[in-house]
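First comes the structure, then the notes that go with it.
The values are calculated or read from the model by the stated rules, or taken from the named source; none is laboratory data. Since the model is a prediction, treat every value here as computed from it, not as a measurement. Methodologically, a virtual Cβ is constructed for each residue, glycine included, from the backbone with ideal geometry; neighbour enumeration extends over all protein chains shown.
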Amino acid sequence: MSKFEFYEKEESPIPKYEVKKEISDLTILFIIASIIYFLIAGSLALLMRLIQSNAFIFVNPDQTLGLFYASLTIHGQLMFFGFISMLTVGISYYLVSKFGKKPLFNINLAILSFCFLNSGVIFLIIAGTMFFGAGWYNLMPLTFHSGNDGWSISSAVIFLVGDVLIGIALVMFCINIIATVLSGKIAAGIQKTEQTKLDENNNSTEIHEDSINKEDKKRDESLTLQYLPPSVRWISVLGISSWFPKKYRTAIPAMSIVVVGIFVNAMVQFVGNFGLFIQLFTGFTYLLNPDFQPSWLFTKDAWWFFGHPIVYFTLFSFLGAAYYYIPRYARKIISYDKWAYRSWPFYFVFTMTVFTHHAFMDMPNPDWLKFIAQTSSLAIIFPSGLTIMTIMMYIFRSKISWNLTSLFMLSGIAGWAFGGYSGTQTGWWGQDVYLHNTLNIVGHIHLTILMGSVLFAMGLIYSIIPSIIKVAFNKTLGILHLLLTLIGGFGIAFLFTYLGFAGFIRREAIAPDEFAWSMPLMLFFAIIVGIGQIIFAYNLFNTLNKKYKFLSKHNTIFYVAIISTAIAGISHILIVSLFMGFESKPSIFLLLSGIIQIFWILPLVKRWGRIWYLFGGLGTIFLIYLFISVQFDMKFVLFFLVTGLAQIFWIVPYLKSNWSRKRLYIGIGISSILILSWLFTNPPEKIFGLDAPYDDISMSLEIMQVIFIASTIVLVIKEKDDSISHIFQKLRHRAR
């Protein structure tokens with residue numbers, strides 16, 4: 001067997017408890033949604049790198065700056081809420097059921113959390129298309145005072161509504177997890193594997209079951225469902241009992257370390273959510289009453305009361321899983337280890353107070369708050385260091401199985417350790433004075449999240465998905481994904497950190513001349529990371545497709561239609577926000593038509609039938625007619641319609657497998673000619689000497705609408721249902 005064994009060659013370390021299908025399916029939906037948002041957020045990161053490298057700029061420099069800050073804002077929120085929080089919620093639902101050996105408290109609440117979280121993220125994306133750029137932390141009152149013809153109040157409202165929906169989703173998740181763990185019976189009793197043996201002097205010594213059964217055949221099957229009194233349950237699930245003397249420790253049933261990590265995560269975030277709602281309440285109150293004068297410093301502190309726990313929210317569930325997975329892959333099976341549990345009470349306490357180190361630079365804050373900040377910033381080192389040392393001891397002198405899960409998790413330990421070290425530096429007020437507003441902070445967060453939490457999550461995906469669908473990932477693509485992520489991720493994170501030490505101010509769209517050398521490097525590392533995630537997305541969807549067969553030729557037409565109508569609808573709204581404002585009748589028309597086009601995603605996702613596809617296609621034709629009859633020169637329109645239709649036509653050879661390669665080559669040649677003609681005629685300002693209104697946004701809009709029309713025509717022709725014929729049959733029946 002090769003040194004690089006992979007999990008599909010091994011017996012899964014996950015308990016044999018069969019999670020209900022509705023929970024498994026929901027987990028897969030969370031994972032799919034998160035990866036889609038990850039790719040979108042990553043694209044925004046690349047866009048920022050392109051702008052700072054002067055490789056992508058608008059003719060209007062204000063628009064370029066606006067695009068940078070909108071990308072900065074939505075990138076941060078999408079990464080936190082659309083990607084990694086989405087993964088945390090979905091994977092936590094699965095793991096708490098698997099290791100707690102019980103269903104969720106309320107599956108409907110879990111489904112609602114999925115709906116609310118996705119709805120909130122979609123609102124954020126819409127706000128981004130309207131150039132909202134107040135930063136991912138949504139620092140008030142900047143939210144409501146953009147200046148320099150920046151974002152509108154409407155975009156700020158949409159952004160705030162998105163955060164409200166996200167906050168509600170997180171509360172639902174926390175309640176569901178807490179209620180699942182605290183109600184009814186739950187798997188417990190793993191502390192019984194800690195046994196006592198008398199030595200020659202009749203002194204008790206501790207041994208572990210792994211010394212008796214090195215293969216650990218039972219895994220966590222020794223845990224039985226037990227009803228625990230409330231006081232015992234709290235002491236157990238917070239890891240407090242691990243600090244008791246052995247006599248009492250072994251008498252208190254211990255839950256799985258995975259359940260402990262997820263529960264502590266839910267408790268911390270449940271408390272932290274109050275900060276988000278305080279900030280949002282203040283913001284909406286100010287919008288309704290501009291004379292309202294709140295303490296914006298208190299509002300900022302309230303935000304960070306939420307904003308710092310959300311960083312740990314992306315970590316704790318995965319960290320609890322790492323305590324379980326790593327020793328099992330290291331062949332050093334420790335069924336119960338008190339040191340794995342002893343860090344969690346400290347995580348629980350200090351995670352809720354460490355947010356205060358964001359108050360170092362805010363002089364009006366009281367000294368006692370800054371004292372708490374300094375103490376908590378240093379105190380959080382203890383549980384973090386204890387975790388790293390414990391996991392390293394599992395690996396020390398072990399025969400670890402280097403599979404995809406263990407490789408990603410150990411890489412995540414390294415990234416988290418580096419990020420924690422840099423966070424400790426900025427958590428000390430003496431250095432925070434110099435580093436607080438530099439790219440050093442950006443480097444810290446990329447190390448902690450991208451190279452820490454994200455790698456943990458990816459490792460779990462490589463284990464959980466095959467466990468659910470019984471289909472393995474492509475291991476070569478998995479290794480390639482890991483290598484590219486490590487090279488690009490550590491490259492850009494360390495470069496951010498270095499530039500911060502050198503004095504590069506963060507949140508600046510224009511790089512100072514002395515740091516211009518670093519922009520191509522940052523773009524290079526960002527592209528490397530992006531390629532790695534595209535490979536992962538392909539590997540994931542290809543693996544899922546082997547089970548669910550959703551990437552068939554017929555379904556592809558649905559995806560084309562969904563994506564095209566979504567982009568067209570968003571483009572309508574973008575045109576209004578960028579060029580027209582919201583006061584005129586044309587702007588109202590574009591706004592409403594955009595919303596209608598976005599709505600048409602629903603009939604396509606739900607497969608409502610031909611009549612809906614027909615209405616969507618005809619309605620879009622009407623929208624095109626209204627749009628071009630007012631805004632465009634017909635020669636300009638004909639050019640894009642002809643070129644768009646010519647390219648869309650070449651879908652046919654790919655759908656018809658019996659078409660020859662010559663026809664495919666012809667399609668490639670024609671597309672190349674169209675691209676060259678585009679370049680030579682200097683778009684988007686002019687096409688054959690004609691001024692193009694709204695530049696490339698309106699061009700992409702019209703092309704997307706044509707694609708939507710073409711795809712709906714195909715659906716109307718090929719769809720197997722007979723909804724239209726049924727309608728006519730009913731009409732004839734009534735006529736009789």
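The requirement of being surrounded by 21 or more Cβ atoms within 10 Å (Cβ to Cβ), of a type in the set (A, V, I, L, M, F, W, C), modelled with pLDDT of 85 or more and out of contact with any strand residue (DSSP E or B) (no Cβ under 7 Å at 6 or more places or on another chain) is fulfilled nowhere in the stretch 243-256; no residue meets it. Residues in the stretch 507-544 that are of a type in the set (D, E, K, R) and modelled with pLDDT under 85 were compared, and the one that is nearest to SER463 (Cα to Cα) is ARG507. Please pick out the residue among THR387, THR426, THR405 that is closer than 19 Å to HIS357 by Cα and among the polar types (S, T, N, Q). Every option except THR426 fails the conditions. Residues considered: VAL96, VAL121, VAL59. Of these, the only one that is more than 26 Å from TRP304 (Cβ to Cβ) and at pLDDT 90 or above is VAL96. Per the listing VAL271, VAL311, the residue uniquely touching a helix residue (DSSP H, G or I) at 6+ places or on another chain (Cβ under 8 Å), surrounded by fewer than 20 Cβ atoms within 10 Å (Cβ to Cβ) and not basic (Lys, Arg) is VAL271. Comparison of ILE492, ILE528, ILE487, ILE479 shows that the only residue that is surrounded by 20 or more Cβ atoms within 10 Å (Cβ to Cβ), among the aliphatic types (A, V, I, L, M) and assigned to a helix (DSSP H, G or I) is ILE492. Counting residues in the stretch 496-506 that are on the phi > 0 side of the Ramachandran plot and in the same structural domain as ILE535 (by TED's automatic domain parsing) gives one or more. One residue is enough: does the stretch 594-609 have a residue meeting the conditions out of contact with any Pro (no Cβ under 8 Å at 6 or more places or on another chain), at pLDDT 70 or above, crowded, with 21+ Cβ neighbours inside 10 Å and of a type in the set (A, V, I, L, M, F, W, C)? Scanning the stretch 594-609 turns up at least one residue that is out of contact with any Pro (no Cβ under 8 Å at 6 or more places or on another chain), at pLDDT 70 or above, crowded, with 21+ Cβ neighbours inside 10 Å and of a type in the set (A, V, I, L, M, F, W, C). Among the conditions (1) within 20 Å of LEU39 (Cα to Cα); (2) more than 15 Å from the chain's Cα centre (by Cα), the only one that PHE114 does not satisfy is (2).
Of the listed requirements (1) closer than 17 Å to PHE81 by Cβ; (2) touching a Pro at 6+ places or on another chain (Cβ under 9 Å); (3) not aromatic (Phe, Trp, Tyr), MET140 misses just one: (1). For the criterion of being among the aliphatic types (A, V, I, L, M) and touching a strand residue (DSSP E or B) at 6+ places or on another chain (Cβ under 8 Å), LEU369 fails. Among the residues of the stretch 1-45, those that are buried (at least 16 other Cβ atoms within 10 Å of the Cβ) and modelled with pLDDT under 70 comprise GLU5, PHE6, TYR7, GLU8, PRO13, ILE14, PRO15.
Conditions tested, residue by residue: (1) under 22 Å from PHE456 (Cβ atoms); (2) over 24 Å from the mean Cα position of the chain (by Cα); (3) modelled with pLDDT of 90 or more; (4) part of a helix (DSSP H, G or I).
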| position | (1), (2), (3), (4) |
| --- | --- |
| VAL264 | yes, no, yes, yes |
| VAL271 | no, no, yes, yes |
| THR282 | no, yes, yes, yes |
| ASP291 | no, yes, no, no |
| LEU297 | no, yes, no, yes |
| ASP301 | no, yes, no, yes |
| ILE334 | yes, yes, no, no |
| TYR347 | yes, no, no, yes |
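Pairs linking a residue in the stretch 387-413 that is at pLDDT 85 or above to a residue that is of a type in the set (S, T, N, Q), with Cβ atoms under 7 Å and 6 or more positions apart or on different chains, are THR387/SER343; THR405/SER463. In the stretch 365-383 there is at least one residue matching the filter, namely being outside the structural domain of TYR434 (by TED's automatic domain parsing), among the hydroxyl-bearing types (Ser, Thr, Tyr), in contact with a helix residue (DSSP H, G or I) (Cβ under 7 Å, 6 or more places away or on another chain) and part of a helix (DSSP H, G or I). Take SER92 and decide whether it is closer than 28 Å to ILE528 by Cα and in contact with a helix residue (DSSP H, G or I) (Cβ under 6 Å, 6 or more places away or on another chain). When the stated conditions are applied, SER92 does not pass them. Within the stretch 42-62, the presence of a residue that is part of a helix (DSSP H, G or I), within 21 Å of VAL164 (Cβ to Cβ), of a type outside the set (Phe, Trp, Tyr) and out of contact with any Pro (no Cβ under 8 Å at 6 or more places or on another chain) is excluded. Screening SER377, SER406 for residues that are under 21 Å from PHE318 (Cα atoms) and among the polar types (S, T, N, Q) leaves exactly one candidate, SER406. If you go through the stretch 283-298 and pick out every residue that is without any contact (Cβ under 8 Å) to a residue 24 or more places away in the chain and either on the phi > 0 side of the Ramachandran plot or not aromatic (Phe, Trp, Tyr) (or both), you end up with 8.
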